[in-house]
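This report concerns only the one structure given below.
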Amino acid sequence: MDSNTKRIERAPETPKLLPEVPLTPALEVNKGLSETEREQLRSEVLSSISQQERMPSASAVIPAAVIPAISAKSEIRQKIENVLEEDLKDAYFKMEPELQAKFKHEGEQTAEKIEDLFSRGKATAHKIFKLVLAWLKLIPGMNKLFIKQEAKIKADRIMGIKK
């Protein structure tokens, strides 16, 4: 090979998974059928398509045994959530619906983080206080001193759960 000649490499051929079948127009396939047979075949095909559309995909089906495991919360997390929601019903119901959803979601996330701290043995009053304070700051129009005081009370009560 001299320097002017370039070597051409070919991409490896991909294996064919299905044999190639020539597509024939629907009229040729149904050529020997009578009009009633064609109509019956058409209705069968349409009904099978509609059944497939109504059936959920395999990835969307969750076994019934898994559902309780997903939705079940540990006893510790339930206790944490109960402490977090105490004395906040009035403030919660005064919020806009979008903010209520965000507040609830963040509260669940906070409880999950606190439970994780407990399980890893890393829970300190200061870490829990910071998590609760960040969550309580989502409440609009609340006095900052009140929020800090409420976060301190909730952090102390949550630390009592650990013991």
Of K148, K162, K122, the only residue that is modelled with pLDDT under 90 and surrounded by 14 or more Cβ atoms within 10 Å (Cβ to Cβ) is K162
Scanning the stretch 83-94 for residues that are over 24 Å from the mean Cα position of the chain (by Cα) and over 16 Å from F146 (Cβ atoms) gives V83, F93
By residue number, the members of the stretch 77-133 that are in contact with an Asp or Glu (Cβ under 8 Å, 6 or more places away or on another chain) and among the small types (G, A, S) are G107, A111, A125
Reported set for the stretch 114-163 where residues are of a type in the set (S, T, Y) and part of a helix (DSSP H, G or I) is S119
**Prompt:** Hey, any hits in the stretch 100-108 for a residue that's touching a residue at least 60 places away in the same chain (Cβ under 8 Å), touching a helix residue (DSSP H, G or I) at 6+ places or on another chain (Cβ under 6 Å) and not basic (K, R)?
**Reply:** no
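The values are calculated or read from the model by the stated rules, or taken from the named source; none is laboratory data. Please read these numbers as outputs of a predicted model, since none were measured by experiment. Glycine also receives a Cβ, built like all others from the backbone with ideal geometry; neighbour counts cover every protein chain displayed.
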